[in-house]
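> Could you have a look at this structure, given as structure tokens, before my questions?
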Amino acid sequence: MKSALTVLSHHTSLFGISAALIMMCSVAQAADLKGKEAVVQSPGGKYTTALEEAYIKPFEAETGAKIRLVESSADEAIAAVSAQVKAGKVEWDGMSSVDAPYMPKLIKDGVIEKIDISKIPGLEKLPKAVASDYGVPVLNSVVTVSYRNTDNVAPLKSIKDFFDPNIKGPRAVSSLAGEAQFVCALALLSDGVSVNELTKGIDIKHCLKVVDPIKDQITAYWANGSQMAQLMIDNSVDYCLCWDGRIIQAAQANPQWKIQHNGGIQFPSYLTYTTGTKNADVLDAFAVYMLDPKRQAEFTKLVGYSSPNPESVAYLPENLKPFISVTPEAQAVLTTLPDALFNKMSGQQVELGKAWQAYVAQ
């Protein structure tokens, strides 16, 4: 039998060989990419800052390649990239943050192309809920509820509790037409409607029937992300139906705020490759770089949303860990919406938005 020391020496030797090979590959890759550039759309603001600081600057320094960002909103970017593909003149190689609800149409219209999974090691470590053949997950968004952890405020054990009129306390929800689909999806799921039933259509009357019993306790309607966070930071409400990134932002300023993932809905955002890009090799290398758990932890600290690699949690400060949505505990209680439901939501968005805003104004 080999001694423990011999085995350890053997593994150490193999580790040294592996490390050397990885370093050689990294150097070769850097040489291959030097001087190349990929143009990528980014939505601007805090997201772009986090993207640059956590990923782009160190990636460029290591590889000699360049990621040039073009700022635009999601709708503007999709229109621009669609026009480029149709004309056969691709100017933007990719989009840095395409939310899952947009993906089915982009795939159907041939605007984005399949990624070569074999060239992006690290994807296999991500939760199945965020996987896609057409994009590399960059963050995981959750619409859920938060509560103020203090005396006389009942903690929420699930989304269903938010819609329970017997749990008293001032609440906040969105007034925005575009958020109506998420408010109604959560209301209906909390009332026992299955995801499969939702894919047949979101019943706005049923949704409002669920909201009605708590309407007198909805004391604030947020109209943007900053307002959403500020309502929590200022303790203007006890409960909020909102986005996890803003809950994290609020909790960093006011530690009383806690998140409840149970019953929340999640969808990732993706780095996508424009159909016809000639710089997929740069995007592949950048994607591998972005999947590193330490870099993802830095990105999360800067942007406030969960990065997709569960291993990144180990590199986060303790106060942030309970808010992260890609942990096994959170994944077990979150709901992932299928493409069929995103398609239905898209078709009903205008109708739902008008009905919700009319209801809010009553």
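> Identify, please: which residue in region 294-305 is in contact with a helix residue (DSSP H, G or I) (Cβ under 6 Å, 6 or more places away or on another chain) and closer than 26 Å to Trp257 by Cβ and is, among those, surrounded by the fewest Cβ atoms within 10 Å (Cβ to Cβ)? It would help to see each step written out before you state the result.
Residues of region 294-305 that are in contact with a helix residue (DSSP H, G or I) (Cβ under 6 Å, 6 or more places away or on another chain), as a first pass: 294-299, 302-305.
Retained after the next criterion (residues that are closer than 26 Å to Trp257 by Cβ): 296-299, 302-305.
On the way: Gln296: 27, Ala297: 22, Glu298: 20, Phe299: 24, Leu302: 16, Val303: 24, Gly304: 25, Tyr305: 28.
The selected residue is Leu302.
> Sticking with this one: Considering only region 129-149, I want to know if a residue exists there that is part of a helix (DSSP H, G or I), within 16 Å of Lys215 (Cα to Cα) and aliphatic (A, V, I, L, M). Explain how you work it out, then say what you get.
Of region 129-149, the ones part of a helix (DSSP H, G or I) are 129-130.
Retained after the next criterion (residues that are within 16 Å of Lys215 (Cα to Cα)): none.
No: region 129-149 contains no residue that is part of a helix (DSSP H, G or I), within 16 Å of Lys215 (Cα to Cα) and aliphatic (A, V, I, L, M).
So that you can scan it fast, the table gives a plain yes or no per residue for (1) farther than 30 Å from Lys200 by Cβ; (2) modelled with pLDDT of 90 or more:
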{"site": "Pro293", "(1), (2)": "yes, yes"}
{"site": "Gly304", "(1), (2)": "yes, no"}
{"site": "Glu318", "(1), (2)": "yes, yes"}
{"site": "Leu334", "(1), (2)": "no, yes"}
{"site": "Pro338", "(1), (2)": "no, no"}
{"site": "Phe342", "(1), (2)": "no, no"}
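> Can I ask one more? With the structure loaded, tell me whether Ser346 is in contact (Cβ under 8 Å) with a residue 40 or more places away in the chain, farther than 20 Å from Lys215 by Cβ, surrounded by 14 or more Cβ atoms within 10 Å (Cβ to Cβ) and touching a Leu at 6+ places or on another chain (Cβ under 9 Å) or whether it fails that test.
Working: in contact (Cβ under 8 Å) with a residue 40 or more places away in the chain: yes; farther than 20 Å from Lys215 by Cβ: yes; surrounded by 14 or more Cβ atoms within 10 Å (Cβ to Cβ): yes; touching a Leu at 6+ places or on another chain (Cβ under 9 Å): no.
When the stated conditions are applied, Ser346 does not pass them.
> Same structure, new question: Tell me which residues, restricted to region 243-294, are in a strand (DSSP E or B) and among the hydroxyl-bearing types (Ser, Thr, Tyr).
To start, the set of residues in region 243-294 that are in a strand (DSSP E or B) comprises 243, 257-274.
Hits for region 243-294 are Ser269, Tyr270, Thr272, Tyr273, Thr274.
> Kindly indicate whether Pro308 is open to solvent by 10 Å² or more (accessible area, probe 1.4 Å) and not small (Gly, Ala, Ser). Spell out how you get there, then give the answer.
Working: open to solvent by 10 Å² or more (accessible area, probe 1.4 Å): no; not small (Gly, Ala, Ser): yes.
No, not satisfied.
> I would also like to ask the following. Looking only at residues in region 191-204 that are open to solvent by 20 Å² or more (accessible area, probe 1.4 Å) and outside any loop (DSSP other than H, G, I, E, B), which one is farthest from Pro338 (Cα to Cα)? Don't jump to the end; show me each part of the working.
Residues of region 191-204 that are open to solvent by 20 Å² or more (accessible area, probe 1.4 Å), as a first pass: 191-197, 199-201, 203-204.
Retained after the next criterion (residues that are outside any loop (DSSP other than H, G, I, E, B)): 195-197, 204.
On the way: Val195: 8, Asn196: 9, Glu197: 12, Ile204: 20 Å.
Here the residue is Ile204.
> Having 3 or more residues that are open to solvent by 30 Å² or more (accessible area, probe 1.4 Å) and more than 20 Å from Tyr289 (Cβ to Cβ) is the bar; report the helices (runs of 4 or more DSSP H) wholly within region 34-125 that clear it.
Working: elements: 45-51, 57-63, 74-87, 103-108.
Ranges flagged: 74-87, 103-108.
> Cβ-Cβ under 8 Å, sequence separation 6+ or interchain: first residue in region 43-65 and polar (S, T, N, Q), partner assigned to a helix (DSSP H, G or I) and open to solvent by 40 Å² or more (accessible area, probe 1.4 Å). Which pairs?
Thr49/Leu302; Thr63/Gln29
> Scan region 252-274 for residues that are open to solvent by 10 Å² or more (accessible area, probe 1.4 Å), of a type in the set (Gly, Ala, Ser) and under 20 Å from Glu329 (Cα atoms) and report the count.
Of the residues in region 252-274, 1 are open to solvent by 10 Å² or more (accessible area, probe 1.4 Å), of a type in the set (Gly, Ala, Ser) and under 20 Å from Glu329 (Cα atoms).
This table checks each residue for (1) open to solvent by 60 Å² or more (accessible area, probe 1.4 Å); (2) polar (S, T, N, Q); (3) at pLDDT 95 or above.
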{"residue": "Cys207", "(1), (2), (3)": "no, no, yes"}
{"residue": "Val211", "(1), (2), (3)": "no, no, yes"}
{"residue": "Lys215", "(1), (2), (3)": "no, no, yes"}
{"residue": "Ile218", "(1), (2), (3)": "no, no, yes"}
{"residue": "Trp222", "(1), (2), (3)": "no, no, yes"}
{"residue": "Ser226", "(1), (2), (3)": "yes, yes, no"}
{"residue": "Gln230", "(1), (2), (3)": "yes, yes, yes"}
{"residue": "Arg246", "(1), (2), (3)": "yes, no, no"}
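The values are calculated or read from the model by the stated rules, or taken from the named source; none is laboratory data. No experiment lies behind these values; they were computed from the predicted model shown. Reconstructed Cβ throughout: ideal geometry from the backbone, glycine too, with neighbour counts over all protein chains shown. Heads up: the accessible areas ignore ligands, DNA and RNA and are worked out on the full protein's heavy atoms, side chains in. Shrake-Rupley method; radii C 1.70, N 1.55, O 1.52, S 1.80 Å.
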